[in-house]
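Have a look at the structure below, then the notes.
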Amino acid sequence: MRIIDRIYIDGQFVVPQGEEFGDLFNPATEERIGRVHLADAGDARRAVAAAKRAFPAFARTPKTERIALLRRLHDAVAARAADLAPVMAEEYGAPAYFVDGTVNRAATVFLDMAETLERFEFDERIGRAEVALQPLGVVAAITPWNANYGFISAKVAAALAAGCPVVVKPSEMSALQTDLLTQAMHEADIPPGLVNIVTGTGPVVGEALSTHADVAKVSFTGSTATGRAILQAASGTFKRVTLELGGKGPSLILDDADFDAAAKQAAMMGVMNSGQACVAGTRILVPRARSGEFLPRLEAALAALKVGPASDPAAMIGPMVSARQWERVQGYIRLGQEEGGRIVLGGEGRPDGIERGWFARPTLFAGVRNDMRIAREEVFGPVLSVIAYDSEEEAIAIANESPYGLQAYVMSGDTDHARVVAAKLDCGRVVINGAAHEPQAPFGGMKQSGIGREFGRAGLLAHLEAKAVIFPG
């Protein structure tokens, strides 16, 4: 059993001051695999102080120096890919395809931001004014457990590109992954104080960072409930915030879609990352007149996605991250039935043949109405709901009738048709016919899916403030 008993402050690995410990588990076996010594509010304050000391000099560095730093971080993280992947597989349990993609993304986000920075201009002349975009100051980055490497790297990359030191509070459930990623970043020769990583709980370390007067911005990815608490805490000192929160993504199957391809895409988009994804397309909207054609295809596509541990290269759906998350998913499966939903595939319990591990059965509900809780609340597991519509206008209305607005999916045989529908959807991103991720495009939500944008130019701008100096005419 491994013990994580260090955090990273001011360029050094140090022992936390906190007195609490947390257990770490392998979700595929339910075995305890480690313990983490948790940081406390004092550790958070030490990290902020280190970042504050580093800020004045770093804010004045030329962008060539920051680009070089980002490229070193890419090289350092990429060099440890073979070490990062098995640790994520053990501690988080995601299928191999997702682990490999996340590890790759953890390195490439630094290159993506370096390319953004190369094209970015910080100064502009507007009439009689010289306008300069200046770094905000110390950034607190609070990240979740469902893609630990990628979230940490992306938030660090954006802050450093802008000239902001960063204090990261990662999920305490991902401590093995965090420690290894921190080692990799340390090897990039980061000047002291620019990157600080403090593993602790949200109510302790997260709250300390959200209320700290020397933190200029909080960048948070996680639940809408926690995002609301962070927004309230940050308001005391008028911190800038970027909040990437929950989602209940619609997948619109248009009448002109290729139903065979659309069913496979909808199944995969619905249970990506084992369903533990804010961008999962869990509401599948189907033409009522053709639901009899589509539903069997969707059932077959979902049934073909194998459930299993990360060690099985054929597995496409892994376990839930914890016993608590597994119980949450079971509760929603029961709720869906109580509300009148009809289970087409799956149901409560573990998949057949699996006796241990927090594996949930991929579950498909039909006959779902958009006012049911199963269609409105984020389950964060492999549970899909099919909702029938009578017209395209109704489909768009159903898609938009949600407290969330993060990412939607449109399947159509006509790209122009899909583009027209996409323009009417109230969400931050729309993916057409299973298109691949675009790392330079803005990412973020509308409504209760968050505030602000990440990635690319938009993510860089979120860490900058404009100052105008006006000269006499």
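Rule-based calculations on the coordinates, nothing more; no lab input. These figures come from a predicted structure and were not determined experimentally. Every residue, glycine as well, gets a Cβ built from its backbone with ideal geometry; the counts of neighbours run over all protein chains shown.
In whole angstrom, how far apart do the alpha carbon centroids of region 228-304 and region 425-473 sit?
A separation of 21 Å, based on Cα centres.
Work out the FRET efficiency for residue 373 and residue 189 from their Cβ-Cβ distance, taking R0 = 56 Å, and round it to the nearest 0.05.
That pair, residue 373 with residue 189, gives E of 0.65.
If I stretch the segment between residue 68 and residue 468 completely, what's the gain in nm (0.36 nm per residue apart, minus their alpha carbon distance), one decimal?
Using 0.36 nm per residue and subtracting the Cα-Cα distance, I get 141.1 nm.
For an R0 of 41 angstrom, estimate the FRET efficiency from the Cβ-Cβ distance between residue 59 and residue 23 and round to the nearest 0.05.
Step by step, r from the Cβ atoms, then E = 0.55.
Students often get this wrong: which residues of region 160-179 have the backbone nitrogen under 13 Å from the point 7 angstrom along Cα-to-C-beta of residue 83?
177-179
Going by Cα centres, region 349-374 and region 118-194 are how many Å apart?
Using only Cα atoms, the two centres lie 37 Å from each other.
Which residues in region 323-365 place their backbone N less than 17 Å from a point set 7 Å from the Cα of residue 288 along the Cα-to-Cβ direction?
Inside the label zone: 341-342.
Give the aspartates and glutamates whose C-alpha is closer than 20 Å to that of residue 264, dropping any in the same chain fewer than 8 places away, or say none.
255, 256, 293, 299, 414
Among 384-390, 171-177, how do they line up from the highest to the lowest mean number of other beta-carbon atoms within 10 Å?
Sorting 384-390, 171-177 by mean packing, highest first, produces 171-177, 384-390.
With the cut-off at 26 Å, tell me which of the pairs 52/447; 248/306; 217/467; 239/424; 217/447 have Cα atoms farther apart than that.
Flagged as over cut-off: 52/447; 239/424.
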